[in-house]
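This is the structure, below, for whatever I ask next.
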Amino acid sequence: MAESLRFHYDVDGGNFTSAGQASVQVKNNLSQLGLDPAVIRRVSIAMYEGEINMVIHADGGSADIIVDDSCVTIILADKGPGIADVEQAMQDGFSTAPDNIRSLGFGAGMGLPNMKRYTDFMQIDSVVGEGTTITMKVNF
Amino acid sequence: MTVSELASAGGFRAIALSDPSREVAGCYVGDLLSWVMGRAQAGNAWITIMSNVNVAAVASLADVACVIFAEGVQPDEQALAAAQMRGVNLIAADMPEYEAAVALSGLI
């Protein structure tokens, strides 16, 4: 790949029926590029967790995917409430998701830990009251 | 064993098989979706009692071989449509999750 490829998606807030559409689309796009299925799986899961978080907590946001020679970069940005204590949010099992979200099978406090688990780099930039931007990279 | 062969085995039945020749490798049991995404392996049969539309997305992104709905649970219409659109295999079992896992263990 001489130049990097970019994909942009808008993530709807509050819509659990369509949640994951951007991730599925990214999975399809990366498959068409011929990337290793294991890499695609890591990118897809990390992005889906982020997408779900934006739907639950931030009334949606945007996702940008950049594919270059050796790496997939995922940038998720929202204008939600922000994360007051990032270290606490990163702990397995910590969740502020409401009960209706838990009844859907989410809210186990594994979203951010999974994003870290499946990526080679993860950075959270969050300002309370302004929003959160998460940058992740998966090398291949 | 393929998903199609599993769906024909005693105690299991097909709901919708989009990719029947997919090989089943191992099993994961779980109902918390992020837990499944964090722990299940590609190619696993995923046994769950969750049946909403998000199950189809998780199954597709985690690249499991099939979803087995235990306890006689049936996917809702949205979940069924989403699974078929994404090529996710769905199997039903009337057994509890533990018994389904034991039965699967004897087959693969």
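In the stretch A:7-16, is there at least one residue being of a type in the set (Gly, Ala, Ser) and closer than 19 Å to A:ILE134 by Cβ?
First, pick out the residues of the stretch A:7-16 that are of a type in the set (Gly, Ala, Ser): A:13-14.
Next, only the ones that are closer than 19 Å to A:ILE134 by Cβ stay: A:13.
Looking for residues that are of a type in the set (Gly, Ala, Ser) and closer than 19 Å to A:ILE134 by Cβ, one finds at least one in the stretch A:7-16, hence yes.
With the condition kept exactly as written, say whether any residue in the stretch A:122-140 is closer than 20 Å to B:ASN54 by Cα, within 14 Å of chain B (Cβ to nearest Cβ), at pLDDT 95 or above and not in a loop (DSSP other than H, G, I, E, B).
Initially, the stretch A:122-140 is screened for residues closer than 20 Å to B:ASN54 by Cα, giving none.
No - not one qualifying residue is present in the stretch A:122-140.
Out of the stretch A:61-76, which residues are under 22 Å from A:ASN15 (Cβ atoms) and either of a type in the set (Phe, Trp, Tyr) or surrounded by fewer than 19 Cβ atoms within 10 Å (Cβ to Cβ) (or both)? Can you show your working first?
From the stretch A:61-76, those under 22 Å from A:ASN15 (Cβ atoms) are A:61-65, A:74-76; that's our starting set.
If the condition is that a residue be under 22 Å from A:ASN15 (Cβ atoms) and either of a type in the set (Phe, Trp, Tyr) or surrounded by fewer than 19 Cβ atoms within 10 Å (Cβ to Cβ) (or both), then A:SER62, A:ASP64, A:ILE75 are the ones that fit.
Does the stretch B:66-91 hold any residues that are of a type in the set (A, V, I, L, M) and either farther than 18 Å from A:ARG41 by Cβ or surrounded by fewer than 24 Cβ atoms within 10 Å (Cβ to Cβ) (or both), and which are they? Break it down stepwise before answering.
Of all residues in the stretch B:66-91, those of a type in the set (A, V, I, L, M) come to B:67-68, B:70, B:73, B:79-83, B:85, B:88, B:90-91.
Within the stretch B:66-91, B:ILE68, B:ALA70, B:VAL73, B:ALA79, B:LEU80, B:ALA81, B:ALA82, B:MET85, B:LEU90, B:ILE91 meet the criteria.
State which residue is farthest from A:ILE75 (Cα to Cα) when the search covers only the stretch A:15-30 and only residues that are over 13 Å from the mean Cα position of the chain (by Cα) and open to solvent by 60 Å² or more (accessible area, probe 1.4 Å).
The qualifying residue farthest from A:ILE75 (Cα to Cα) is A:THR17.
So, one more: Determine, yes or no, whether A:LYS116 is among the basic types (Lys, Arg) and touching a Cys at 6+ places or on another chain (Cβ under 8 Å). Steps first, answer last, please.
Numbers: among the basic types (Lys, Arg): yes; touching a Cys at 6+ places or on another chain (Cβ under 8 Å): no.
When the stated conditions are applied, A:LYS116 does not pass them.
Something else about it: Can you tell me which of (1) open to solvent by 10 Å² or more (accessible area, probe 1.4 Å); (2) within 17 Å of A:PHE16 (Cβ to Cβ); (3) in contact with a Leu (Cβ under 9 Å, 6 or more places away or on another chain) is the one A:GLU49 doesn't meet?
(1)
Shifting gears a bit: Go through the stretch B:20-47 residue by residue and tally those that are open to solvent by 60 Å² or more (accessible area, probe 1.4 Å) and of a type outside the set (Lys, Arg).
6
Now for a different question. Please enumerate the residues belonging to the stretch A:113-140 that are open to solvent by 10 Å² or more (accessible area, probe 1.4 Å), out of contact with any strand residue (DSSP E or B) (no Cβ under 8 Å at 6 or more places or on another chain) and touching a residue at least 40 places away in the same chain (Cβ under 8 Å).
Result: A:VAL127, A:VAL128, A:GLY129, A:GLU130.
The values are calculated or read from the model by the stated rules, or taken from the named source; none is laboratory data. Quick caveat, the model's predicted, so the values are computed rather than measured. Don't worry about glycine lacking a Cβ; one is built from the backbone with ideal geometry, like all the others, and counts go over all protein chains shown. In case anyone asks, the SASA skips ligands and DNA or RNA and just uses the protein heavy atoms, side chains included. Shrake-Rupley method; radii C 1.70, N 1.55, O 1.52, S 1.80 Å.
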